[in-house]
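To start, the structure itself, in structure tokens.
The values are calculated or read from the model by the stated rules, or taken from the named source; none is laboratory data. Everything numeric here is computed off the predicted structure, so don't read it as measured data. Here the Cβ positions follow ideal geometry from the backbone for every residue, glycine too, while neighbour counts run over all protein chains shown. The accessibility values were calculated without ligands, DNA or RNA, using every heavy atom of the protein model including side chains. Shrake-Rupley method; radii C 1.70, N 1.55, O 1.52, S 1.80 Å.
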Amino acid sequence: MRVRTYAEAELPPDLAAQVADLEAQAWPGATPGHDPALAPRVMVLVDEEGAVAASLALLFKPVRHGGRTYRAAGLSAVVTRDTARGRGYGGRLVAAARTALAADPAVDLVLFSCDRPLVPFYEAAGFTRLPGTVLVGGTPGQPLATDAPGFAKEVLADFPGADTGAAAFEGARIALYPGLVDRLW
């Protein structure tokens, strides 16, 4: 198994089709792909035959918080092929994403939300849960917050290039506003 990373627009067609299939399994009816304004990169874990076992997207945008602007990245559309689950492939890919983002000098902060039952999975890859933190996605006119009724979301983070840590973000409402395509990442 090898991890490969591509700008979403440069993802080879055979891999793009496999990623779209994986995402359709996990989120039936969802439109594949991400807002180009978020500079999406796709990471895939590919076996020797070229089959995608797991994929995720990395999204990027400046985030203003506490009077500062952070160069933020987030994980989105993390998925493992249903027939490959339970083998550690998703964890391997998420850990590779964390390592890649930590090495990227253009990233101060990694911030994303996940369903509550998935928190231990992301913590095992080195991300920190931010208790009480709420991400507000969508747009200012059409917001979607992780504490909206019916959501069971938690916010996780990593601080590779920031001179601050989790304490500056715990319990805060953070205006992510990635737009209407990737309402939350």
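Tabulated data for the structure shown
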{"quantity": "Test: residue in region 17-38 that is open to solvent by 50 Å² or more (accessible area, probe 1.4 Å) and closer than 20 Å to A102 by Cβ", "calculated": "no"}
{"quantity": "Some residue of region 159-178 being among the acidic types (D, E), outside any helix (DSSP H, G or I), out of contact with any Cys (no Cβ under 6 Å at 6 or more places or on another chain) and open to solvent by less than 70 Å² (accessible area, probe 1.4 Å)", "calculated": "no"}
{"quantity": "Unmet criterion (only one of (1) assigned to a loop (DSSP other than H, G, I, E, B); (2) loosely packed, with under 14 Cβ neighbours inside 10 Å; (3) in contact with a strand residue (DSSP E or B) (Cβ under 6 Å, 6 or more places away or on another chain)) for T69", "calculated": "(1)"}
{"quantity": "Subset of region 16-49 (residues that are out of contact with any strand residue (DSSP E or B) (no Cβ under 6 Å at 6 or more places or on another chain) and aliphatic (A, V, I, L, M))", "calculated": "A16, A17, A20, A24, A30, A37"}
{"quantity": "Residue check for E154: acidic (D, E), part of a helix (DSSP H, G or I), at pLDDT 95 or above and under 30 Å from P28 (Cβ atoms)", "calculated": "no"}
{"quantity": "Residue in region 82-89 that is assigned to a helix (DSSP H, G or I), open to solvent by 40 Å² or more (accessible area, probe 1.4 Å) and at pLDDT below 95 present", "calculated": "yes"}
{"quantity": "L130 being open to solvent by less than 10 Å² (accessible area, probe 1.4 Å), of a type outside the set (F, W, Y), modelled with pLDDT of 95 or more and more than 25 Å from A54 (Cα to Cα)", "calculated": "yes"}
{"quantity": "Complete set of residues in region 112-127 that are more than 23 Å from F151 (Cβ to Cβ) and buried (at least 18 other Cβ atoms within 10 Å of the Cβ)", "calculated": "none"}
{"quantity": "Members of region 139-151 found to be surrounded by fewer than 17 Cβ atoms within 10 Å (Cβ to Cβ) and not in a strand (DSSP E or B), listed by number", "calculated": "T139, P140, G141, Q142, D147, A148, P149, G150, F151"}
{"quantity": "Unmet criterion (only one of (1) exposed (fewer than 14 other Cβ atoms within 10 Å of the Cβ); (2) farther than 23 Å from A51 by Cβ) for L109", "calculated": "(1)"}
{"quantity": "Flag if L135 is buried (at least 16 other Cβ atoms within 10 Å of the Cβ), at pLDDT 95 or above and closer than 17 Å to D163 by Cβ", "calculated": "no"}
{"quantity": "Condition met for A24 (without any contact (Cβ under 8 Å) to a residue 12 or more places away in the chain and part of a helix (DSSP H, G or I))", "calculated": "yes"}
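Condition check ((1) of a type in the set (S, T, N, Q); (2) in contact with a Lys or Arg (Cβ under 6 Å, 6 or more places away or on another chain)) across all residues:
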{"residue": "V79", "(1), (2)": "no, no"}
{"residue": "D82", "(1), (2)": "no, no"}
{"residue": "Y89", "(1), (2)": "no, no"}
{"residue": "R92", "(1), (2)": "no, no"}
{"residue": "T99", "(1), (2)": "yes, no"}
{"residue": "P105", "(1), (2)": "no, no"}
{"residue": "D108", "(1), (2)": "no, yes"}
{"residue": "F112", "(1), (2)": "no, no"}
